[in-house]
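Chemist: Let me give you the structure first, and then I'll get to my questions.
The values are calculated or read from the model by the stated rules, or taken from the named source; none is laboratory data. Small disclaimer: the values here were computed from a predicted structure and weren't measured. Ideal geometry is used to build each Cβ from the backbone, glycine not excepted, and the neighbour counts take in all protein chains shown. The accessibility values were calculated without ligands, DNA or RNA, using every heavy atom of the protein model including side chains. Shrake-Rupley method; radii C 1.70, N 1.55, O 1.52, S 1.80 Å.
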Amino acid sequence: QVQLVESGGGLVQAGGSLRLSCASSACTFSTYAMGWFRQAPGKEREFVAAINWSGGNTYYANSVKGRFTISRDNAKNTVYLQMNSLRPENTAVYYCAADRTPGTPERSSDYDYWGQGTQVTVSS
């Protein structure tokens, strides 16, 4: 069973930055597409960003384009989400997910493994 462990969440003021990390136990991590999703209280889980196996292709929700950056380090089995210019509406639990086979990056049902999530709270 592949384990994904997120870290880096916390409390930050509006306009601030955080970098989330997601470490994977999978020896085949470098073959997986990876994604970040988030879920705010009372809302459905939504797509944030995704990256293909090599890091050559990235995808973003319109609401985070230009502010968030997804990246990966296959040597460290880790994917990152750099979040800048944070807004109160970005407050949510952020989850990383792994997709064993190429699918639709924005579709949560395509992902095979999920982390437990890390809380991000942005104060106004």
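Chemist: In the calculated pair distance distribution of the chain, what percentage of Cα-Cα distances lie above 21 Å?
Modeler: The proportion of pairs with Cα distances above 21 Å equals 30 percent.
Chemist: Suppose accessible area is computed on protein heavy atoms with a 1.4 Å probe; arrange 96, 27 from highest to lowest.
Modeler: Correct descending sequence by accessible area is 27, 96.
Chemist: Same structure again: Report the accessible area of residue 110, computed with a 1.4 Å probe over the heavy atoms of all protein chains in place, in Å² rounded to the nearest 10.
Modeler: Counting only protein heavy atoms, residue 110 exposes about 40 Å² to solvent.
Chemist: Ignoring any ligand, DNA or RNA, what whole percent of the accessible area of the chain comes from carbon and sulfur when the probe is 1.4 angstrom?
Modeler: Carbon and sulfur together cover 46 percent of it.
Chemist: Follow-up question, since we're still on this one. Given the options 104, 31, 78, state which has the largest fluctuation in a GNM of the chain using a 10 Å cut-off (strictly under) for Cα springs.
Modeler: Of 104, 31, 78, the Gaussian network model singles out 104 as fluctuating most.
Chemist: Okay, next question. On a full-extension model of 0.36 nm per residue, what is the gain between residue 100 and residue 45, subtracting their alpha-carbon distance, rounded to one decimal in nm? Write down the numbers at each step before the final one.
Modeler: Details: separation 55, 0.36 × 55 = 19.80 nm, distance 2.01 nm.
Length difference between fully extended and current span is 17.8 nm.
Chemist: For residue 76, what accessible area in Å² do you get when you roll a 1.4 Å probe over the heavy atoms of the protein chains, rounding to the nearest 10?
Modeler: Accessible area, nearest 10 Å²: 130 Å².
Chemist: Could you sort 6, 89, 44 by their accessible area in this structure, using a 1.4 Å probe and putting the largest first?
Modeler: The most accessible residue leads, giving 44, 89, 6.
Chemist: Using the beta-carbon distance between residue 25 and residue 89 and R0 = 25 Å, what value does 1/(1 + (r/R0)^6) give for FRET efficiency, to the nearest 0.05?
Modeler: 0.15
Chemist: Let me ask something else about it. Return one whole number: the accessible area per residue of region 15-71 in Å², for a 1.4 Å probe. Mind showing how you got there, number by number?
Modeler: Working: 2800 Å² over 57 residues.
Normalised by residue count, the accessible surface of region 15-71 is 49 Å².
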